[in-house]
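Below is one structure; the comments refer to it alone.
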Amino acid sequence: MQKKFLSQYEEMLLKNLKCSSSDSDNIPDHVLVEYMKKSNLSSMEGFYQEILDFERNGIDNSEKPVGFFCNIVPEEIMLACSLRPVRLCCEDYGCGSKGEEIVPGDICPVIKSICGKFYSNTYDNLEVVVIPGTCDPKAKLAEILSPVKQVYFLDIGRNSEYLGNVDVWEKKYTQFFQFLKETFHCNAGRRQLLSACKLTNARTEIFRSIYQLRAEQPDSINVFDYYIMMYAGFFMKVEKWNALAGKVYRQAKQIHKFVDKPRVLLAGTPVIFPNFKIIDVMEESGLKMAADLQCISFGRFYNPVLIDEETEAGILRALTLKDIAGSMCPCMLNLEKLVNLMIDTVNQYKLDGIIYYNLRLCQVFELQTALIRQILKEKGIPFLSIKTDLGKEDTGQLKTRMEAFREMIESRKV
Amino acid sequence: MCIPMKKLLLIVVVFAYVFIGRAEQIDINFEYPDIEGDFYLAGTVFFPPSSVMSVNNILILDTSTKKEIASKITVQERWPDDSIMSVEIIFPASSQKKTTYTIHYGSDIKRRKTFSEPAVLPTISFFPAGAGRPVENVDISVGQINVRVDKSTNIRYWWYIVPMAILLFLTVYRSVRTIRTQKL
Amino acid sequence: MIRISVARRIVQIICFVLLVYGGYIFKDWKESAETSQQKIFPTLKAPEGSVSTTQFEKGSILWPSGATPVIENYPPSLVCRFNPKGGMFKACIMHFLSENLTWQTSFKYLLPYITLFIALCFLLGRVWCGWVCPIGTVGDFLTYLRRKMNIPVRRFPERFRLNLSITGYSLMVIALAISTVIGMPNYARFQCYWFLPYCQICPARLICPMFGLIKPNWKDFSTGITTCFTILAWIVLGLFVAAFYFGRRVWCHMCVVGLINSWFNKGSGIELHKKAIKCIKCGYCADACPMGLTAMYQLNRDAIYNQAGCIMCMRCVEVCPRKGCLNVSFFGKKIGNMQRRTLDAKKVSEPVRRNVA
């Protein structure tokens with residue numbers, strides 16, 4: 001079992017490191033209500049209600065919640081141990097500024113927000129936090145959070161080639177499964193894993209239908225509703241999410257709205273509630289986000305678990321393939337398939353362009369921008385790279401760029 | 001895991017080598033006659049070059065009891081290296097026992113029982129197992145040279161070479177195409 | 001549409017029943033077919049007085065019981081002569097070759113049979129291995145048992161698989177050489193022990209009769225050579241069971257009939273296509289391949305991915321999570337949609353078409 005990091009200095013650290021905690025920690029209701037008004041689907045209310053409950057009451061600890069980051073951490077294993085996986089990725093401006101008391105200001109904004117949340121005791125109910133070794137800040141986060149919470153560090157190789165690393169991943173997942181079984185004294189095995197995979201596969205099926213529907217008719221489920229659904233998927237129970245999303249899909253299918261605006265593909269850093277700045281600006285400047293390639297939506301839900309060997313090891317291996325080998329995370333060496341996927345999605349759904357969204361200070365997303373731009377330029381696909389942070393100062397400037405991009409697309413069409 | 005497979009192959013080869021060198025049996029084929037009582041079995045047996053040097057290295061065994069049967073063996077022809085090419089074997093058999101017989105030969109074999117024909121008994125000829133004689137062919141054995149005369153007139157089967165050639169050509173053509181797409 | 005692995009299981013079971021029990025089911029038809037097929041196919045007979053017709057009796061290790069009628073044809077899968085009552089067809093190609101080399105049958109009589117064999121191979125390639133072969137079905141059943149017992153699969157390196165096929169080719173060469181040598185007049189006396197040398201150690205000789213309600217000749221310790229062959233057959237059977245129980249289709253890299261089929265695999269009618277731009281390199285195809293082939297995963301270009309080792313089980317096509325990435329076609333004509341039904345993307349609806357236009 002994995003030992004606690006920094007166990008010798010735990011008390012010293014806890015004494016001095018603390019963020020100021022206040023009542024306005026959670027996202028205010030009016031932000032959510034604003035988006036709720038824009039929604040044209042009555043069935044979306046369930047999701048909004050869930051998020052309101054979550055923001056007000058925090059994580060319900062009746063079901064052993066386990067926090068995790070990134071798709072690399074397999075939800076199915078946690079579900080099999082009858083735990084409740086809660087994804088903690090967070091892009092909250094308020095929490096970000098609070099986190100600066102612990103970590104320096106010019107690092108990844110996601111890490112800042114997470115530190116702010118943890119050191120102000122928002123996530124007290126979590127039993128364990130699972131942190132994957134995807135990018136460098138995440139790896140360090142394991143040590144930063146170690147004094148406050150029990151941390152499991154899931155280390156993986158960065159080469160996403162199946163042939164080189166799949167055995168290593170399988171071993172890591174097995175260790176993780178073992179850790180959960182020992183920590184929570186549960187007797188999970190093949191059967192539990194299989195039923196967990198069935199659940200997530202059902203989720204994949206619903207997500208694919210929604211993705212398809214949005215790609216064809218971007219206004220059937222509007223972009224805010226879409227990302228609200230993805231955000232609700234962070235902490236909702238899978239069965240409940242499936243049921244609600246199914247309802248939304250069935251209602252949205254009835255709507256046939258012909259959109260005459262440019263439809264674009266949004267790739268890059270995930271858009272996590274409440275940081276909806278980029279999609280706000282996109283809507284305002286008349287671009288329709290029809291498809292996305294982000295890790296909270298496409299990356300998380302699109303690939304199913306396809307089990308070849310129905311043994312415990314076989315299921316764990318299938319999970320590694322879904323989560324790591326098939327991942328779009330720029331931490332891995334997978335630029336080729338990301339570009340392939342962009343081109344293919346644009347061709348398949350006849351989209352008009354690609355917007356590549358960089359959250360400032362995330363190096364891995366920024367590093368590959370130049371390469372992607374070059375390739376897409378050769379292919380003749382309009383490409384706009386946008387770099388911004390959690391603050392709202394540059395909204396006007398973004399809007400100007402988006403509008404210029406829209407005009408460029410429209411002039412191309414004519 | 002690679003090493004045991006190689007060893008297995010080696011074992012197969014060694015077994016094959018050892019037992020090709022040791023095989024030294026010929027089975028005797030004949031049909032029991034209707035007569036009751038004893039009779040003689042007589043026949044000509046060919047041997048490969050340099051396998052038998054003397055008539056004393058040949059013996060007849062009762063296959064079931066593995067006991068030696070007394071026999072009279074006369075050399076008919078010899079190979080150029082003075083080893084025996086063919087012999088004529090005569091030995092007594094009985095209709096009551098209905099057993100089968102085997103000829104053993106080789107340098108390790110020593111014949112102990114001999115006999116000379118004391119009584120006048122019917123003689124049945126036998127032939128050694130393995131001498132191929134297809135229906136439509138006539139094998140004319142002239143010692144070392146075998147001449148096979150094909151008497152059949154049925155040549156329509158040769159026409160199958162046309163579809164076979166077409167299929168083989170298509171296979172090769174498509175294979176080349178497949179490989180070319182992979183190596184592009 | 002039915003899932004492809006389920007379809008494959010159904011086809012495998014049907015073919016197993018036909019090839020192993022067909023003789024019992026279509027007894028009369030088999031006898032009538034035997035007489036009628038002589039118009040097209042010549043009868044292949046052992047030469048008169050040859051050991052292979054007279055020597056082998058019921059107790060012998062090589063008792064092929066030639067008296068029971070069969071359809072004298074040789075499909076490119078492992079149907080076995082040693083399952084005479086249940087078997088519909090005569091034997092596998094390896095049996096055919098070694099038998100006729102020993103009998104020194106004229107080539108013109110072999111031509112019709114060889115032509116039919118090549119035609120079948122050309123049409124379907126190694127589909128015969130993955131979908132029809134009864135021994136493969138038995139092996140897949142062993143694999144199924146292992147999965148039920150939750151034992152993880154052993155994966156073998158590429159080098160090992162290469163060595164297996166080299167072993168298979170060596171066995172084939174040795175067996176055919178022995179068959180040729182014992183057919184020569186001066187070596188005819190060896191026929192009583194060395195007739196059908198590959199069949200003597202082939203696991204199908206023991207397994208097919210076992211399922212075909214006939215007691216196979218498990219042992220023959222009468223002489224040194226038969227003892228050796230008996231022990232070798234046991235070793236090979238053990239390897240076969242181990243290969244299928246611990247691996248998936250490891251045995252098929254070594255199977256001689258499969259190796260002969262694999263010559264036609266690249267040019268066969270069934271083709272596997274990959275569209276490289278759709279590939280997201282998830283590795284499901286490489287992981288699911290029972291033969292452990294990775295070329296389809298590794299290469300990043302649009303091509304026909306027929307490989308010598310591929311048994312065309314189409315498992316890779318089924319598990320591919322991207323629609324349209326892997327396709328199967330028959331002589332250039334695409335065969336349906338073989339992916340999982342639940343994960344299919346739906347057809348593009350009407351408003352979008354307008355938008356696109």
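Observations on the model:
- Taking the C-alpha atoms of chain A, convex hull volume expressed per residue in Å³: 137 Å³
- With the convex hull drawn over the C-alpha atoms of the protein assembly as shown, the volume per residue is 210 Å³.
- Extension gain, C:Val181 to C:Ile40: 0.36 nm times the residue separation minus the Cα-Cα distance gives 47.8 nm.
- Between helix A:45-57 and chain A: long-axis angle, C-alpha atoms, 0 to 90°, nearest 10: 40 degrees
- Counting neighbouring beta carbons within 10 Å and listing from fewest to most, the residues A:Lys257, A:Lys247 come out as A:Lys257, A:Lys247.
- Cβ neighbours within 10 Å from other chains - mean over C:144-150: 3
- The relative contact order of the range C:159-249 comes to 20 percent, based on Cα pairs under 8 Å that sit 6 or more residues apart.
- Between the Cα long axis of helix C:134-148 and the first principal axis of chain C there is an angle of about 60°, rounded to the nearest 10.
- Looking at the range A:227-277, the chymotrypsin sites (Phe, Trp or Tyr not before Pro) that sit in a DSSP loop and have at most 15 other Cβ atoms within 10 Å of their own Cβ are A:Phe258.
- Spin-label model, C:Lys219/A:Lys140: points 7 Å from Cα along the beta carbon direction are separated by 7.2 nm.
- Built amide H within the under 5 Å cut-off of B:Gln76, gap 5+: B:Ser86, B:Val87, B:Glu88
- Stokes-Einstein D in µm²/s, Kirkwood radius over Cα pairs - the range C:268-343 at 10 °C with 1.306 mPa s viscosity: 129 µm²/s
- The sum of -39500 (n - 2.57) across all DSSP H runs of n ≥ 4, divided by the residue count of chain A, sets its helix-only mean residue ellipticity at 222 nm to -16000 deg cm²/dmol.
- In this simple spin-label approximation, C:Leu145 and B:Arg177 carry label points 7 Å from Cα along the Cα→Cβ vector, and these lie 4.4 nm apart.
- Chain C: most fluctuating residue of C:Leu299, C:Leu116, C:Leu142 per GNM, C-alpha cutoff 10 Å: C:Leu299
- Local charge for B:Arg177 was computed over the other residues whose Cβ lies under 14 Å away, with Lys and Arg +1 and Asp and Glu -1, and equals +2.
- Separation of the range A:247-273 from the range C:199-259 is 60 Å, based on Cα centroids.
- Per-residue mean of C-beta atoms belonging to partner chains within 10 Å, peptide C:263-270: 5
- Cβ-defined net charge surrounding A:Ser220, 10 Å radius [Lys, Arg +1; Asp, Glu -1]: 0
- Computing FRET efficiency as 1/(1 + (r/R0)^6) for A:Ser62 and A:Tyr9, where r is the C-beta to C-beta distance and R0 is 35 Å, gives about 0.55.
- Rounded, prolate or oblate (a/c below 1.5 giving rounded, otherwise prolate when a/b exceeds b/c) for the range A:15-154 by Cα gyration tensor: oblate
- Averaged over peptide C:105-115, the number of partner chain Cβ atoms lying within 10 Å of each residue's Cβ comes to 5.
- Using a Förster distance of 25 Å, the FRET efficiency for C:Ser329-C:Arg3 (Cβ separation, nearest 0.05): 0.80
- Once C-alpha pairs closer than 8 Å and six or more residues apart are averaged by separation and normalised to the residue number of chain C, the relative contact order reads 21 percent.
- With K and R counted +1 and D and E -1, the other residues having a Cβ less than 13 Å from that of C:Thr102 yield a net charge of +1.
- Take the Cα of A:Glu393, go 7 Å toward its beta carbon, and none of the backbone nitrogen atoms of the range A:285-305 fall under 14 Å from that spot.
- Long pairs among A:Lys37/A:Lys253; B:Lys98/C:Lys215; A:Lys277/A:Lys413, criterion Cα-Cα beyond 31 Å: none
- Helix axis angle, A:335-349 relative to chain A longest principal axis, alpha carbon, degrees: 50 degrees
- Using the rule -39500 (n - 2.57) for each DSSP H run of four or more residues, divided by the residues of chain C, the 222 nm mean residue ellipticity is -15000 deg cm²/dmol.
FYI, it's all coordinate maths here, none of it is from the lab. Computed from a predicted model, the values in this text were never measured in an experiment. Ideal geometry is used to build each Cβ from the backbone, glycine not excepted, and the neighbour counts take in all protein chains shown.
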